[in-house]
Amino acid sequence: MLRWVLLAVVFSALAGLFYLSPEFKEIAAGVGIFLFGMLFLEQGFHAFTGGALEHVLRHSTDRMWKSIAFGVVTTTLMQSSSLVSVIAISFLSAGMLDLVAGIGIIYGANVGTTTGAWLIAGFGMKVDIAAYAMPMLAFGVILEFQDSRSLKGLGRILAGMGFLFLGIHFMKSGFDSFRAIFDLSALAMTGYGGVLLFTLVGMVATVVMQSSHATLVLIITALGSGQLTYENALALAIGANVGTTITAIIGALGANVAGRQLAAAHLLFNLLTGALAILLIYQLVDGIEILSRWLDISPDDATLKLALFHTLFNLMGVALMGPLTTPLVRGLRLMFPAPARVGSAPRHLNASVAGMPATLTEGVRQEVLHLYDHTADLLLQGLSLPNTVLTTDQDLVGSGELEEELNSVDLEAEYERRIKPLYSEIVAFISRHQGGVTPERFQRLFELRVASREMVQVVKDIKHMRKNISAYHRDGAPVVRQEYRRLRAHVAEQLRDVDRLRRETSDGREALPLLALDANRATVEEWDVRFNENLDRLIRDGLIDPDSATSLMNDSTYATHLCRRLVDVAETLFVAHGAEQHRAQVRMKLDDADWAEVRQRAVQRSS
Amino acid sequence: MGWKKAVAWLERLFDRSASRRAREVDALREVLKLLKRKERRLREDLAGESRDKRRRSLRKKLEIIRVQRRKGVRLCRDLRRR
């Protein structure tokens, strides 16, 4: 209700002002068109967040300077530090970035956003910018009608730039006319009181418009037409720099702890930079005079000097905060501690991750990996083997670990506590967010859902096997106990192989994981045949009673299904999808005819 | 650049499916190169391995790589012929 009342009040006030002043109407229309352009620009860049951006992001954020450069370049291109910050928060939430890299991007975005002021002050104020806007809008709209996603995106970017330019033109012309009627500079304030007041005004204006860029355009156009004093314009720019963090804060509300840590870093950086700029404003002004002479900026070109000031105080912030990043990260982790990793609460499924197609699939993959960790742990508990077996290279059949007393794990209770809730969350999250994604991403989400289901089945398989493992380990004949030990060793070794593949793929030692999994498949199938042949021999020779033999047969079937599922899960989770090399591996993966050839050669070798 | 190479380059430039096929061949060749490297590493491991079970597993991996490589070469040849 309050929202509607507020909206009505704002609309009435604006309508009144529009009626009283056509110049104000022109300025407001300029702001509106400018913000509309920003919106178009954001949507246009979103069209490219399905591949290229993630690829660049992953490869250009492994060092602090690279992260900063990435922030500068992307913000310069997109002309929106807020969009870059929100993207960084989403990527961090999805586990595709670490906090240090995210902070580097934020530093860079703060410097990159100052290029907007240079563009407007150096170009927008000196030429008839509307003349450039028209062809951009025309070309942009034509591209918008194309089928290709990339062309559509390009069209949106062009149209967005066109609207930005048109908005600047309207604001400039509005302020020029406004000057003849009312002199806003009469409201100017000097001294620190003025600096603080105008900083606050800049902050509020940016929070309302959710774009420091729009505020800066207003400041520059007002300054260019003499409606603002230079000193007050500097204070407004400081305020705009602080106010811009609001978008990141809103974006972080739906993010996980990592996303919130980054939003807090953004706020801290901008607050500190702002405070420093206020404290040193007069020294900075002196510095700008010297630099302006050096850069050949005319002494009466206040707009370019404002752009220089904007860049200078953000660079000062980076120089100050850059070396303090490590303590900053420590402080943020203390302020926003990661939730204790017990139980199975999801870690990556949140609104921030769902905001972009790339972070959606990667976030879900990370969560399914989380489910895999629980599954692997429960599987080892079901086999009554310690986690250390995953990192050794020993032959488990002969090891003493299989002889030891079995643990007393309650697999049913553990399944209800750790697997089922997480699986349900993953399924619900995918179902909620799969609409509207590209067919490729839809397929990827489907595969991840299937992998989750397979892991649930793995836990159910081990639950079934565990009954006989416990019974025969206690009371079975020596030969039956020995067969159950072989069965347990086989399952643990398959898990170990899959787990090793995960490590080797992530650290780059295994370049072809998809093809490597063919060997795992072969092992699983061969073991099944060998185990059952041995079982036949034991029955034939009367070394095993039929009752125990059928139990072993059933459990070997569970074991084989379980191991096949593990290989399928590995294929979905550990193999990088989508790249050309992945498609080449898919083509070279062995099919039925190839398997027949492998088997035939094995027979030839054994005979 | 030789005449043949220039023609192939122009073909790739103007024919979308030819350029896609060329990308596929490049990717297959890259995978074949990596497989060859892996095969060499596994042969070294096999030479230094004395445990029976591990030797069997390495031999099986080598056998599978052999079939995969043959398949890759065949796919490359087919794509080039098209």
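The values are calculated or read from the model by the stated rules, or taken from the named source; none is laboratory data. Since this is a predicted model, take the numbers as computed values, not measurements. Note that we place each Cβ from the backbone using ideal geometry, even for glycine, and neighbour counts take in every protein chain shown. The accessibility values were calculated without ligands, DNA or RNA, using every heavy atom of the protein model including side chains. Shrake-Rupley method; radii C 1.70, N 1.55, O 1.52, S 1.80 Å.
Tally up the residues in region A:158-189 that are at pLDDT 85 or above and aliphatic (A, V, I, L, M), please.
3
Every residue in region B:49-72 that is open to solvent by 70 Å² or more (accessible area, probe 1.4 Å) and of a type outside the set (D, E, K, R), please.
B:Ser50
Looking only at region A:248-296, which residues are open to solvent by less than 20 Å² (accessible area, probe 1.4 Å) and outside any helix (DSSP H, G or I)?
Answer for region A:248-296, where residues must be open to solvent by less than 20 Å² (accessible area, probe 1.4 Å) and outside any helix (DSSP H, G or I): just A:Ala255.
Return a yes/no flag: does region A:538-561 have any residue that is within 14 Å of chain B (Cβ to nearest Cβ), farther than 25 Å from A:Val409 by Cα and surrounded by fewer than 17 Cβ atoms within 10 Å (Cβ to Cβ).
No: zero hits.
Are there helices (runs of 4 or more DSSP H) fully within chain B with at least 2 residues that are facing chain A (nearest Cβ under 9 Å) and without any contact (Cβ under 8 Å) to a residue 24 or more places away in the chain? List them.
Fully inside chain B and qualifying: B:16-47, B:52-81.
In the list A:Asp568, A:Asp499, which residue meets the criterion of being under 37 Å from the mean Cα position of the chain (by Cα), more than 14 Å from every other protein chain (Cβ to nearest Cβ) and within 25 Å of B:Arg41 (Cα to Cα)?
It is A:Asp499.
In region A:588-604, how many are facing chain B (nearest Cβ under 7 Å) and open to solvent by less than 40 Å² (accessible area, probe 1.4 Å)?
Residues meeting the conditions: 4.
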